[in-house]
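Scroll down for the structure; my scribbles are underneath it.
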Amino acid sequence: MDINIKIGTVEKEPAEVVVFYLYEDVKTLSESLGRCNKVLDNIVSEIIKEKGFVAKLNKTIILPTYGKIPARRIMLVGLGKKKDATLDKIRQAAGTAACTIRDMGISEGASVMDPIDIPFPISEWYQAYSEGALLALYRYQKYKTIPPEERQELRALTLLLSGKEDLRPVQEAVKHGQIIADAVCFTRDLINTPSQDKAPGVLADTAKKLGGEAGIQCKILSLPELKKLGMGGVLGVAQGSAQPPKFIILEYNAHAKNQDTVVFVGKGITFDSGGICLKQAKDMDIMKSDMAGGAAVMGAMKAISGMKFPQHVVGLIPCAENMPSGSAIKPGDIIRFYSGKTAEVANTDAEGRLILADALAYAEKYKPSAVIDLATLTGSCVVALGTVVTGMLGNNEELKKRVKIAGEKSWERVWELPLWEEYQEQIKSDIADIKNVGGPYAGAITAACFLSKFTEKYPWVHLDIAGTSWCEKNSAYTQKGASGIGVRLLVELIRNWNRFS
Ligand code: BES
Ligand code: ZN
Ligand code: ZN
């Protein structure tokens, strides 16, 4: 969908529908809605007065205009109370409006937001607005046979601005929103793709294509190199599958001077059957999303290149399929990682940490100022925090703070779990340096303890997105399926990187 920006007034805008956003606790109508109301014989003020419409978040009402203005209808969309305003609420309301317009069978709509109503910097507001509209319209329909004439698509939204002083900042904000939403949808597509069509080799090809984007280089490590480097974690997990593993390396701004290097690491398990410790059948299909961390890293790199940030950013994505077979890794087997450390594989379903261990140790070679890993790592994190917030653990207070702030701003919020010394006890092994499970309690923490053995040389944050990467139901701007979590947070983190350093 295109978002066009135009200077104009509602009274002169011919459209199928014009959208107005309202606060529940602001009784006076905005300037443009007030003017419209007059022309429409006070229909808006009456309906609000009679409580026919209360502007609660995501509530909508559509009113006909009977030819009194060129637009055929107006739609009122609630933002909730102004005193409780957040940027995410505009994201939601814009998403609700866009889907409502589309579902009415309309292919183009106009939208009005008077600057007077905006309790945030307009750049942030319009970015959130365009993110919300674009993300809400996302659907994964690649495998559906829908005749083109039955595909309802909203092709364009026009934003009407009253004066030209805001034109530039709004254009810029909308462009940022579009770049970010594009990247999130790219990530969602990868995650929603069935495993049969995204084996590690296919993900590597997708990454190579990303390598064509501005400033991004891509390198793939395949079986021979992985063996040479001694990446026993990636090799061990992949050995039961017919699909060979790949290790994706994306590098943005490789030659940046005097800039920090930030490394993103993403778990890229293209299907997690559990391996020999096979998972139960119920919901096993969702394990196609076990590469959501890797997909988020790819999406973030795409957006970061689109926004031309100055930092040096590296993305590492170890990719493998976790399958049971005669050649699969077995409980009790010992792995030797790239770092030289060894681990006893007590449970083959705790495979994510095995591939991440190699990637985290490999990250050292970039002498990074920060490493952030994203992984659908533990069911335990879902038990602890549910699907609302991502679990965060790490070894550096300043980096954790940066990630927390980026999470609040992008509304991909994180909540810290403790990574205290006492928990390390649980992953001690009798026969290797460590073992890959820590018992029935605090599973999200002991998983992070395992990772921490490979991140001692740099500031590091681990984000467990097991609960936040997949949606069980539709909401204002996410649909059932992949959420694309992580992209917005990582982009926000890099965007503000130099502001805090
Ligand atoms: N990919 C799973 C974690 C997961 C669970 C992601 C639910 C998304 C939703 C991971 O590889 C796994 O199986 N973890 C095990 C670890 C256990 C065996 C120590 C878990 O959490 O049950
Ligand atoms: Zn697993
Ligand atoms: Zn997994």
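The values are calculated or read from the model by the stated rules, or taken from the named source; none is laboratory data. Computed from a prediction, not measured in an experiment: that's the story for all the values here. So basically every Cβ, Gly included, is an ideal-geometry build from the backbone, and we count neighbours across all protein chains shown. We work out accessible area using only protein heavy atoms, side chains counted, and drop any ligands, DNA or RNA first. Shrake-Rupley method; radii C 1.70, N 1.55, O 1.52, S 1.80 Å.
Can you tell me the accessible area per residue over segment 137-244, all protein chains present, probe 1.4 angstrom, in square angstrom?
Accessible surface, normalised per residue, equals 51 Å².
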Given +1 on the Cβ of Lys and Arg, -1 on the Cβ of Asp and Glu, and no further charges, what dipole in debye does segment 303-380 carry about its Cα centre, rounded to the nearest 20? 340
Check cross-link reach from K56 to the lysines: straight Cα distance under 17 Å, and skip same-chain residues fewer than eight apart. K27, K81, K82, K83, K89
So if I place +1 on the C-beta of Lys and Arg and -1 on the C-beta of Asp and Glu, and nothing else carries charge, what would the dipole magnitude of segment 1-118 be about its Cα centre? I want it in debye, nearest 20. 240
Need one value: the accessible area of S162 in square angstrom, 1.4 angstrom probe, rounded to the nearest 10. 90
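Please list 204-215, 442-453 highest first by mean number of surrounding beta-carbon atoms within 10 Å per residue. Before the final figure, lay out each step's value.
Values: 204-215: 16.2, 442-453: 23.5.
The packing order, highest mean first, is 442-453, 204-215.
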Which order, highest average first, do 182-188, 78-84 follow once you tally other Cβ atoms within 10 Å for each residue and take the mean per peptide? 182-188, 78-84
Percent relative contact order of segment 2-162, based on C-alpha pairs within less than 8 angstrom and at least six residues apart? 34
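For segment 214-342, what's the relative contact order in percent, using C-alpha pairs closer than 8 Å and at least 6 residues apart?
On the way: 273 pairs, mean separation 51.2, N = 129.
40 percent.
Percent relative contact order of the chain, based on C-alpha pairs within less than 8 angstrom and at least six residues apart?
Over the chain, the number comes to 14 percent.
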Rounded, prolate or oblate: pick one for segment 178-312, where a ≥ b ≥ c are the square roots of the eigenvalues of its C-alpha gyration tensor, a/c under 1.5 means rounded, and failing that, prolate if a/b is larger than b/c, else oblate. oblate
For the chain, the dipole about the Cα centre with charges only on Cβ (Lys and Arg +1, Asp and Glu -1), to the nearest 20 debye, works out at 600
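With all protein chains present and a 1.4 Å probe, how do T60, T378 order by accessible area, largest first? Could the numbers behind the result be given before it?
Values: T60 55, T378 10 Å².
Ranked list, largest accessible area first: T60, T378.
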Which of the three applies to segment 181-500, rounded, prolate or oblate, going by the alpha-carbon gyration tensor with a ≥ b ≥ c and a/c under 1.5 meaning rounded? rounded
Among K288/K457; K308/K400; K453/K473; K367/K435; K51/K480; K302/K365, the pairs whose Cα-Cα distance exceeds 29 Å are K288/K457; K453/K473; K51/K480
Ignoring any ligand, DNA or RNA, what whole percent of the accessible area of the chain comes from carbon and sulfur when the probe is 1.4 angstrom? 51
Whether segment 115-188 is rounded, prolate or oblate, judged on the alpha carbon gyration tensor where a/c under 1.5 counts as rounded: prolate
